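Novice: I have a structure I would like to understand better, so I am pasting it below and will then ask my questions one at a time.
The values are calculated or read from the model by the stated rules, or taken from the named source; none is laboratory data. In this text the structure is predicted, and so the values were computed from the model without any measurement. Every residue, glycine as well, gets a Cβ built from its backbone with ideal geometry; the counts of neighbours run over all protein chains shown.
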Amino acid sequence: MGVKVTQLEESSFELYYYESAIKEVYVNGYLRLIEDSNNNTISLEYEVVKKSHEENNSKKDEKLLLKKIENSSKASWEFVYNEEGFIKSMMNHAKRTWTFHYTKEHYLSYITLNKTLEESYLKRK
């Protein structure tokens, strides 16, 4: 079992896992692409967001959040985040939308799919 590491550019590199024939591409330390031996791919897009509670404009006040995942068959998932950085909603390529609801303590309380209750995580009395 071995891994081949190839630097692509100054801030990007590729990992190739010999045993599984999986290739991963990282840019600025973030996973951007996964490819298997059949050329099936999963790509990941990120977006830079400013931390809402900070007033400075430095790089420390920014965070990178996963925005979209898409495979080579064009199936995709897009993410929207709330002010605290938790997933607010996720929409797939078929326009199904999951909405995530949290307690005031930031615990996941329930999920809706197209505005219908899908799963509840609160203890029932």
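Novice: Against the definition (surrounded by 12 or more Cβ atoms within 10 Å (Cβ to Cβ), of a type in the set (A, V, I, L, M, F, W, C) and out of contact with any Gly (no Cβ under 8 Å at 6 or more places or on another chain)), how does residue 27 come out, yes or no?
Specialist: On the way: surrounded by 12 or more Cβ atoms within 10 Å (Cβ to Cβ): yes; of a type in the set (A, V, I, L, M, F, W, C): yes; out of contact with any Gly (no Cβ under 8 Å at 6 or more places or on another chain): yes.
So residue 27 passes the test.
Novice: I want to confirm something. Restricting to region 30-79 and keeping residues that are charged (D, E, K, R) and at pLDDT below 85, which single residue is farthest from the chain's Cα centre (by Cα)?
Specialist: 55
Novice: Do we have residue 33 as within 17 Å of residue 68 (Cα to Cα) and loosely packed, with under 15 Cβ neighbours inside 10 Å here? Break it down stepwise before answering.
Specialist: On the way: within 17 Å of residue 68 (Cα to Cα): yes; loosely packed, with under 15 Cβ neighbours inside 10 Å: yes.
Yes, satisfied.
Novice: Let me ask another. Within the bounds of region 103-112, is there any residue that is farther than 23 Å from residue 24 by Cβ, of a type in the set (Phe, Trp, Tyr), exposed (fewer than 12 other Cβ atoms within 10 Å of the Cβ) and modelled with pLDDT of 90 or more?
Specialist: First, pick out the residues of region 103-112 that are farther than 23 Å from residue 24 by Cβ: 103-112.
Now narrow it down to the ones that are of a type in the set (Phe, Trp, Tyr): 107, 110.
Right, trim to exposed (fewer than 12 other Cβ atoms within 10 Å of the Cβ) and you get 107.
From the residues that got through so far, the ones that are modelled with pLDDT of 90 or more too are 107.
Yes, the conditions are met somewhere in region 103-112.
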